[in-house]
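Below is one structure, written out as structure tokens; comments come after it.
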Protein chains: 6
Amino acid sequence: MGLDTSLPSIRQVQNLIQQAVTIEIKLLTGDILIGRIIWQDSQCMCLMNENSQQMTVWKQAIAYIKAKE
Amino acid sequence: MGLDTSLPSIRQVQNLIQQAVTIEIKLLTGDILIGRIIWQDSQCMCLMNENSQQMTVWKQAIAYIKAKE
Amino acid sequence: MGLDTSLPSIRQVQNLIQQAVTIEIKLLTGDILIGRIIWQDSQCMCLMNENSQQMTVWKQAIAYIKAKE
Amino acid sequence: MGLDTSLPSIRQVQNLIQQAVTIEIKLLTGDILIGRIIWQDSQCMCLMNENSQQMTVWKQAIAYIKAKE
Amino acid sequence: MGLDTSLPSIRQVQNLIQQAVTIEIKLLTGDILIGRIIWQDSQCMCLMNENSQQMTVWKQAIAYIKAKE
Amino acid sequence: MGLDTSLPSIRQVQNLIQQAVTIEIKLLTGDILIGRIIWQDSQCMCLMNENSQQMTVWKQAIAYIKAKE
């Protein structure tokens with residue numbers, strides 16, 4: 001199942017990847033992850049966190065994302 | 001997967017966007033987000049919050065929305 | 001995706017709408033919402049609460065509903 | 001979407017309905033509901049609780065069910 | 001929707017059933033259930049717990065399972 | 001439903017399996033599991049934990065995974 005790039009939300013994440021924006025991801029667990037998105041697919045996003053460590057985040061667990069202030 | 005505008009709930013959010021209504025979004029995390037919806041697609045809504053910051057909210061995490069009193 | 005009115009649960013909500021029954025909705029967040037259902041679609045229900053305010057409730061967040069005692 | 005009666009879990013609930021067994025339903029909210037199942041469809045179960053009140057329980061919110069000891 | 005026995009996870013549960021292994025099921029509620037799986041279908045597993053009571057567990061509520069140490 | 005190896009997230013887990021990397025899995029329950037992934041399918045991952053015990057983790061319950069520091 002490829003990425004549905006007709007969706008604004010998918011294109012927005014593509015932009016965040018290209019512009020290497022530092023973001024906050026709020027998870028349904030209450031966790032807040034901070035870092036840059038490296039890639040996304042239909043199920044996950046890969047985040048490079050502030051310790052330059054890669055985390056594969058399942059989209060099913062995401063409440064919201066926003067650019068870090 | 002485009003927006004199913006035959007659904008009253010989709011059309012209602014379209015109206016909230018056009019009328020720039022300030023709303024409250026209650027998330028499954030217990031968070032309450034306040035702001036105006038800028039756009040929606042089948043997976044997400046983009047909210048401009050009270051600090052004029054954009055948040056991409058995953059619809060999967062929404063419990064309910066209502067106009068801010 | 002229209003409403004599947006072959007389902008007893010969909011028809012039951014249609015009856016609650018027509019009879020303007022006051023109900024309690026228990027959400028997965030633990031919240032209990034009280035009011036009358038105004039409309040439903042495959043994704044949401046619109047509840048008029050006791051302050052005559054409309055809330056769009058995502059069905060994905062519902063644990064159960066019952067008539068208010 | 002009718003009931004898939006090829007599934008043992010669907011047939012088991014049909015038996016609980018026919019035998020009017022009093023059961024416990026543990027919800028993902030942590031709630032435990034006690035009563036008899038009156039009907040089920042692909043999305044919900046209707047429970048008559050111990051106060052003879054009907055509750056429509058969304059199957060999405062169920063963790064497990066067992067006969068009440 | 002029959003069981004997809006091409007999946008290792010489905011076959012693994014079939015083995016646990018045949019070998020009558022005592023397992024722990026961790027639920028998304030935080031509950032830990034202990035017992036033997038008697039049957040499974042695409043939506044549920046039936047567990048015989050340590051009090052020889054049958055519990056129908058919805059697979060949607062499962063975090064993980066492991067053999068009881 | 002076989003594994004969709006066109007997805008980067010699926011291939012990444014395949015690499016973690018082949019390289020026997022020790023990882024942390026954060027679950028929606030808040031649990032953090034530590035171990036090596038032995039296999040995955042479309043619904044689950046099998047983790048060998050630090051006590052050499054196998055745990056079948058449902059992908060529906062995963063928030064994120066990362067290599068153990």
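General observations
- Oblate is the label for the protein assembly as shown, because the ratio a/c of its alpha-carbon gyration tensor axes (a ≥ b ≥ c) is 1.5 or higher and a/b is not greater than b/c.
- Two-decimal log10 I(q)/I(0) for region B:8-67, as the Debye equation yields it once each C-alpha is a single scatterer, q = 0.30 Å⁻¹: -1.57
- Between region B:30-66 and region A:4-69, the alpha-carbon center distance in angstrom: 16
- Remark on residue F:44: its backbone amide H falls under 5 Å from those of F:59, a criterion applied only to residues 5 or more positions apart or on other chains, H modelled at 1.01 Å from N.
- Here the spin labels are modelled as points 7 Å beyond Cα on the Cα-Cβ line, and at residue E:22 and residue A:11 they lie 5.9 nm apart.
- Under the convention that each Lys and Arg Cβ holds +1 and each Asp and Glu Cβ holds -1, the size of the dipole of chain C around its Cα centre is about 100 debye.
- Within straight-line reach of residue C:68, meaning a Cα separation under 18 Å, sit the following lysines at least 8 residues removed in sequence or on another chain: C:26.
- Beta bridge orientation in region A:8-67: antiparallel %, DSSP, nearest 5: 100
- Computed over chain B, relative contact order equals 29 percent, with contacts defined as Cα pairs under 8 Å that lie 6+ residues apart.
- Furthest towards positive pole of dipole, D:28, B:7, D:18, structure part the protein assembly as shown, Cβ charges: B:7
- Partners for residue C:59 among aspartates and glutamates (Cα-Cα distance below 19 Å; same-chain residues under 8 apart left out): B:4, B:24, B:31, B:41, C:4, C:24, C:31, C:41, D:31, D:41
- Using the rule -39500 (n - 2.57) for each DSSP H run of four or more residues, divided by the residues of chain B, the 222 nm mean residue ellipticity is -5000 deg cm²/dmol.
Values quoted throughout were computed directly from the atomic coordinates according to the rules given, and no laboratory measurement underlies them. Keep in mind it's a predicted model, so treat the numbers as computed, not measured. We place every Cβ from the backbone using ideal geometry, glycine too, and count neighbours over all the protein chains shown.
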